Amino acid sequence: MASASPPPPYSSSSSSVNPPRPLKSALRSRQQKPPEVLERERIILAHLPAADLSREKPIRNFLATRFYKFVLLTIHLLFSIYLKLRWAYHNILNRGLSILYYHHRTPQLIQKDVKELEERGKLPGHVSVVLEYERGGLDTLIDEVSEISCWCASAGIKTLSVYEQTGILKSYISTSHRSISQRLHSYFGKSRPSLRVHAPPLSPLREPGEEGREVDLEVIFISEEDGRESLVDLTKTLCDMAQRGKISSEDVSVELIDAEVTENTISEPDLLILFSPSVVLRGYPPWQIRLTEIFHVQDNSGVGYQVFLRALHRFAKTEMRFGR
């Protein structure tokens, strides 16, 4: 009796060990399918991703990935070095200017620093500053307002508007008025300039005996609510008046809006000084800075007289071209 023949040797070409074919090839290989099945497969094939060829070249892909990471890290390192050098340059420059032009709380020295600007008629009449409440608390904020007010009074600037986003200064007008008055006394002595402090739409706080008189320095506190919200309220008011027939659409002009905004908030500043390292307006009223010169010092992080003085000199070099 013949023995059973041994099983055929294992073949690598056996169908059981063949690698699975891609889904698209498998779908194409099937024959004799109903038309609706073929149509369904055609729709599916159109949305299937292409075959991943990156697995066929693992070494090349690895080297390319490493090269891209090396380039990215090199750019990051060079940019970090540039930022450090720039910060060091501006820090040394600001420190040197603060020592060279320190005012020693003497109005005569500040007047000497701006004498050339005043003779050329390039001194701004209205200066606005942006201060931050979160940086040092309320006491630091009021102290910064008092110091800047003395710089403006010494330089002959009549109007100072202080923007603080939260509007906390509006709740401490009397405290701010007292602090500014005391600081002016330390600068000027008994001959200190007259002062008026207010926040729209509140009535101004004057010194006793100076009601109705022109003051030497006017300090105005504004906040975020005096910006876009005031424009929205003005728009609603004008629309309501137009619906009632009190005004027509032809009466609404840039001059009318400018007059209403100026009456309810502040006039347009000539110069806006930022003591932040970058230009961040923090919701400053947009209508009032259409033609305002904005100044800031890179990498600066505090209120300093050298920034104030550099802003005045930069303003003196600015040419206003309004066009037709």
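The values are calculated or read from the model by the stated rules, or taken from the named source; none is laboratory data. Here the structure is a predicted model, which is why all the values come from computation and not from measurement. So basically every Cβ, Gly included, is an ideal-geometry build from the backbone, and we count neighbours across all protein chains shown. In case anyone asks, the SASA skips ligands and DNA or RNA and just uses the protein heavy atoms, side chains included. Shrake-Rupley method; radii C 1.70, N 1.55, O 1.52, S 1.80 Å.
Rundown of residues vs (1) farther than 23 Å from Arg192 by Cα; (2) assigned by the TED database to the domain that holds Val279; (3) of a type in the set (Val, Ile, Thr), yes/no style:
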residue	(1), (2), (3)
Ile110	no, yes, yes
Asp113	no, yes, no
Glu118	no, yes, no
His126	no, yes, no
Leu131	yes, yes, no
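Taking Arg213, is it at pLDDT below 80, buried (at least 17 other Cβ atoms within 10 Å of the Cβ) and either in contact with a Ser or Thr (Cβ under 6 Å, 6 or more places away or on another chain) or not hydrophobic (A, V, I, L, M, F, W, C) (or both)? Judged against the criteria, Arg213 is not a match.
Just so you know, in segment 175-192 the residues that are surrounded by 14 or more Cβ atoms within 10 Å (Cβ to Cβ) and of a type outside the set (S, T, N, Q) include one that is nearest to Asp216 (Cα to Cα), and it is Arg192. Of all residues being open to solvent by 50 Å² or more (accessible area, probe 1.4 Å) and either aliphatic (A, V, I, L, M) or in contact with a Cys (Cβ under 8 Å, 6 or more places away or on another chain) (or both) in segment 243-255, which is nearest to Arg282 (Cα to Cα)? Just the residue, please. Here the answer is Val254. Take the residues of segment 217-240 that are hydrophobic (A, V, I, L, M, F, W, C) and open to solvent by 60 Å² or more (accessible area, probe 1.4 Å): which is farthest from Tyr172 (Cα to Cα)? It comes out as Cys239.
Of all the numbered requirements in (1) assigned to a loop (DSSP other than H, G, I, E, B); (2) in contact (Cβ under 8 Å) with a residue 60 or more places away in the chain, Thr166 misses one, and that requirement is (2).
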